[in-house]
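Here the structure is laid out as structure tokens; the discussion comes afterwards.
Derivation of every value follows stated rules applied to the coordinates shown; laboratory data play no part. Being a predicted model, the structure only gives us computed values, none of them experimental. Backbone-built Cβ (ideal geometry, glycine too); neighbour counts: all protein chains shown.
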Amino acid sequence: MCCVDGQLRPTLYFLQGTIGIDDVSKCAPLLSCSVESKFIPRIEYLQKLGFSYKDTIAMFRRFPSLFCYSIKDNFEPKFDYFVVEMGRELKELVVFPQYFSFSLENRIKPRHRMCVEKGVCLALPTMLKSSEARFRDRLEVCCSSSMPVRNSALWCTNANTIGDNAT
């Protein structure tokens, strides 16, 4: 039971006005959360990590469940792994904040290690959202594919400079 004036209404206004979530019914459990003790600390934490306010709000709009995750037990270890071990850019998390919903030990680390072993860098959704079989199939396709020919639309214009720099 939550107080309408003290809890529900301010939270509703925050989710709709500040975050920009039009259909709050899809994240109704968040209405029982405190703006001051739950939402604002998570927004501030992501900003301390280097995300702009605009990007932080976009992340919560894309994936409101972020408000439910622990800073210490979820954000910190997964963000550290993302930056230090994976060497990825923050903009990837802005586009795919669902990254924080996957298990670090059972999904993120094992799949990242497989990609590193194969020398493949997959987009976060491709690496994490698919089933284990689908992930392995995609990884195999990436590893067994050859470079496109120079006159192909798939040819990477940086391929020449990468090859030249290696020699």
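Overview of results
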read-out: Added length on full extension, which subtracts the Cα-Cα distance from 0.36 nm per residue, V83 to L12; value: 22.2 nm
read-out: Loop-located GluC sites (Glu not before Pro) in segment 1-90 whose Cβ has at most 13 other Cβ within 10 Å (DSSP); value: E89
read-out: Of K72/K129; K72/K118; K48/K78; K26/K129; K48/K109, those spanning more than 26 Å from alpha-carbon to alpha-carbon; value: K72/K118
